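The values are calculated or read from the model by the stated rules, or taken from the named source; none is laboratory data. Remember, it's a predicted structure, so these values are computed and weren't measured experimentally. Cβ coordinates were reconstructed from backbone atoms using ideal geometry, including for glycine residues, and neighbour counts include every protein chain displayed. Calculation scope for accessible area: heavy atoms of the full protein, side chains included, ligands and nucleic acids excluded. Shrake-Rupley method; radii C 1.70, N 1.55, O 1.52, S 1.80 Å.
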Amino acid sequence: MIKTAADLLKKFVDQERRVLDDYELVHGPTIGTMYEGLTQEVLQRSIPSQLGLQVVSGFAFHDNQLSGEIDCMVVRGNGEKVPYTNKYKWHISNVIAVFEVKKTLTAEEISDSYDHLRAISKIYANYVDSSDSKELKIDLSWPRRTFAQMTGQIPPPHKNTGSLPFDLEMLYHTIVSEYLNPARIVVGHHGWKKEKTLRDHIAKLLEDRLSAPKGMGAGSFPQLIIGGDFSLIKANGLPYVGPMIDETWGFVLSTSHNPMRILLEILFTKIDRICSTSLASDESNELEAMTLCLRTRAVKKGEIQGWEYLYDDYSSRDLKKRGDSYQWQPCELTNSEFVVVDMLCRGKNVRVDDPQFIAFANSQPGGVSSFINSLVATRLIAKSGVNLELTTINCVALATPDGKLVAGENNAGQMDNWLEYKLGTPKNEWKLLAFVPSSE
């Protein structure tokens, strides 16, 4: 169970970190190597040995492109050992995740890490565009589903995404790129004493860099930045999905939850996609409580394309009040919403231009438009032209003993866990109305 594993890892890391902190040494590079070694040990303890994956340090490459030195890489297949060192060169196609490791995270080191890890994305993009990737088979059902959950729209076929508005087209391609690229993670074993300080620093850094030639593209942000007890998470669907607010993508979230769990969720989700495993599944219904930090939107001004950013500022009091976890719950539906979800779960077509649907929707407060918006707001449903479709893998819709109508994703057993642990009621006492895998 991922939560239990993360709790054990946190105890191990805290204990070993104290040992390193107390070790009397003033040689900076060696101190850095100690913390890199601790991070490698954590990763090696986390990944099942039977998968044949390795944790190494060294360089990622494709053709004549070579990355800067990477502190830790999770890799598969075979690499080339650099003579007379313990470092390796690994082809980018077999790199699953890369890690920048810092003893203490600072704003300057966040900036440096961004530049360092951005090179990984560029090398991978060049690999995908090269003839070497012609045998690469890509299933885009995951990023397409993520896009639908974010926007409430099923994207057109990949080759036709140019028909989307510019901002949504850029969002779609960013999500696809995130899905394909190695996970990019910054691990600061120490950071700031407050979550708000970490948030303020990333916002200030972004502001400073936007006025400089380098800039910071949304697609190049690391998936995870850990600064001691607090984390910044990229909500790109792997596995965390960011909300769309006023046509902006909430793409960076912050949390005080156990950083080891966040790291494992992101790493295991990537490994599951590549190795067809289920490491990211969890029997716990306790989820990480997060707060929106940064929003962005792709914009085009003349010939110039870029990203606009908004910082959602919260007080330390608000962040502390939020806590670090909450219990997952399915979406509670009205009777009318449940009718539509139930039909979709049963594999029936629902068209918004169908006279029966229009009459049914018009009988609801606000009429057709308001009713469709309420369905999309559940994030279980998205529009595909005139059709409504599920955005889930396995949607379960059911009635509770107290008469509530609920629905939710069950691909990782979320609904099953909720029935067993949240409500404390055996599943055989519930009236299961639908349990049908939704179409991709």
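Which of the following residues is open to solvent by less than 80 Å² (accessible area, probe 1.4 Å), among the polar types (S, T, N, Q) and closer than 23 Å to THR146 by Cβ: SER336, SER374, SER370? Lay out the reasoning, then the answer.
On the way: SER336 fails: closer than 23 Å to THR146 by Cβ; SER370 fails: closer than 23 Å to THR146 by Cβ.
Criteria check complete, one pass: SER374.
For the range 1-50, name all the residues that are of a type in the set (Ser, Thr, Tyr) and either open to solvent by less than 40 Å² (accessible area, probe 1.4 Å) or within 27 Å of the chain's Cα centre (by Cα) (or both).
Going residue by residue through the range 1-50, those that are of a type in the set (Ser, Thr, Tyr) are 4, 23, 30, 33, 35, 39, 46, 49.
Those that are of a type in the set (Ser, Thr, Tyr) and either open to solvent by less than 40 Å² (accessible area, probe 1.4 Å) or within 27 Å of the chain's Cα centre (by Cα) (or both): THR4, TYR35, THR39, SER46, SER49.
Counting only residues that are more than 22 Å from GLU283 (Cβ to Cβ), open to solvent by 20 Å² or more (accessible area, probe 1.4 Å) and in contact (Cβ under 8 Å) with a residue 40 or more places away in the chain, how many does the range 391-407 have?
Summing the residues that are more than 22 Å from GLU283 (Cβ to Cβ), open to solvent by 20 Å² or more (accessible area, probe 1.4 Å) and in contact (Cβ under 8 Å) with a residue 40 or more places away in the chain in the range 391-407 gives 2.
What is the one condition in (1) over 26 Å from LEU287 (Cα atoms); (2) open to solvent by 40 Å² or more (accessible area, probe 1.4 Å) that LEU53 does not satisfy?
Of everything listed in (1) over 26 Å from LEU287 (Cα atoms); (2) open to solvent by 40 Å² or more (accessible area, probe 1.4 Å), LEU53 misses just condition (2).
Go through the range 137-161 and give me each residue that's under 18 Å from SER374 (Cβ atoms) and of a type in the set (Ser, Thr, Tyr).
Across the range 137-161, the qualifying residue is only THR151.
Please go through (1) under 20 Å from the mean Cα position of the chain (by Cα); (2) open to solvent by 20 Å² or more (accessible area, probe 1.4 Å); (3) touching a residue at least 24 places away in the same chain (Cβ under 8 Å) for SER113 and return the number of the only condition it doesn't satisfy.
(2)
Would you mind stating whether TRP328 is open to solvent by 40 Å² or more (accessible area, probe 1.4 Å) and touching a Leu at 6+ places or on another chain (Cβ under 8 Å)? Break it down into steps so the answer makes sense when it comes.
Values: open to solvent by 40 Å² or more (accessible area, probe 1.4 Å): yes; touching a Leu at 6+ places or on another chain (Cβ under 8 Å): yes.
Spelling it out, TRP328 is indeed open to solvent by 40 Å² or more (accessible area, probe 1.4 Å) and touching a Leu at 6+ places or on another chain (Cβ under 8 Å).
Conditions: (1) without any contact (Cβ under 8 Å) to a residue 60 or more places away in the chain; (2) surrounded by 21 or more Cβ atoms within 10 Å (Cβ to Cβ). THR146 meets all but one. Number of the miss?
It fails just one condition, (1).
Kindly establish whether ASN410 is closer than 18 Å to GLN329 by Cβ and open to solvent by less than 60 Å² (accessible area, probe 1.4 Å). Talk me through it step by step, then tell me what you get.
On the way: closer than 18 Å to GLN329 by Cβ: yes; open to solvent by less than 60 Å² (accessible area, probe 1.4 Å): yes.
Yes: the conditions hold for ASN410.
Taking only pairs six or more apart or across chains, which ones have beta-carbon atoms under 7 Å, a first residue in the range 335-354 that is under 16 Å from SER384 (Cβ atoms), and a second residue that is in a helix (DSSP H, G or I) and open to solvent by less than 30 Å² (accessible area, probe 1.4 Å)?
Sorted first by the residue in the range 335-354, then by its partner, the pairs are VAL340/LEU375; VAL350/VAL340; VAL350/LEU344; VAL350/PHE357; ARG351/PHE357; VAL352/ILE372.
Output the number of residues of the range 49-66 satisfying the condition of being in contact with a strand residue (DSSP E or B) (Cβ under 8 Å, 6 or more places away or on another chain), over 21 Å from LEU263 (Cβ atoms) and not aliphatic (A, V, I, L, M). Explain how you work it out, then say what you get.
The first filter runs over the range 49-66 and keeps only residues in contact with a strand residue (DSSP E or B) (Cβ under 8 Å, 6 or more places away or on another chain), leaving 53-62, 66.
Checking which are over 21 Å from LEU263 (Cβ atoms) leaves us with 59, 61-62, 66.
Going one step further and asking which of them are not aliphatic (A, V, I, L, M), we end up with 59, 61-62.
Adding up the residues that qualify gives 3.
Taking the residues in the range 298-319 that are part of a helix (DSSP H, G or I) and out of contact with any helix residue (DSSP H, G or I) (no Cβ under 8 Å at 6 or more places or on another chain) as candidates, determine which candidate is surrounded by the fewest Cβ atoms within 10 Å (Cβ to Cβ). Quick ask: steps written out before the conclusion?
Taking the range 298-319 first, the residues part of a helix (DSSP H, G or I) are 316-319.
Cutting the leftovers down to out of contact with any helix residue (DSSP H, G or I) (no Cβ under 8 Å at 6 or more places or on another chain) gives us 317-318.
Values: ARG317: 9, ASP318: 11.
It comes out as ARG317.
Given the residues GLY347, GLY424, which is the only one that is open to solvent by 40 Å² or more (accessible area, probe 1.4 Å), at pLDDT below 85 and in a loop (DSSP other than H, G, I, E, B)?
Of the residues listed, the single one that is open to solvent by 40 Å² or more (accessible area, probe 1.4 Å), at pLDDT below 85 and in a loop (DSSP other than H, G, I, E, B) is GLY424.
Can LEU140 be described as in contact with a Pro (Cβ under 8 Å, 6 or more places away or on another chain), under 23 Å from GLU389 (Cα atoms) and either open to solvent by less than 70 Å² (accessible area, probe 1.4 Å) or touching a residue at least 24 places away in the same chain (Cβ under 8 Å) (or both)? Before you say what the answer is, go through the steps one by one.
Details: in contact with a Pro (Cβ under 8 Å, 6 or more places away or on another chain): no; under 23 Å from GLU389 (Cα atoms): yes; either open to solvent by less than 70 Å² (accessible area, probe 1.4 Å) or touching a residue at least 24 places away in the same chain (Cβ under 8 Å) (or both): yes.
Answer is no for this residue.
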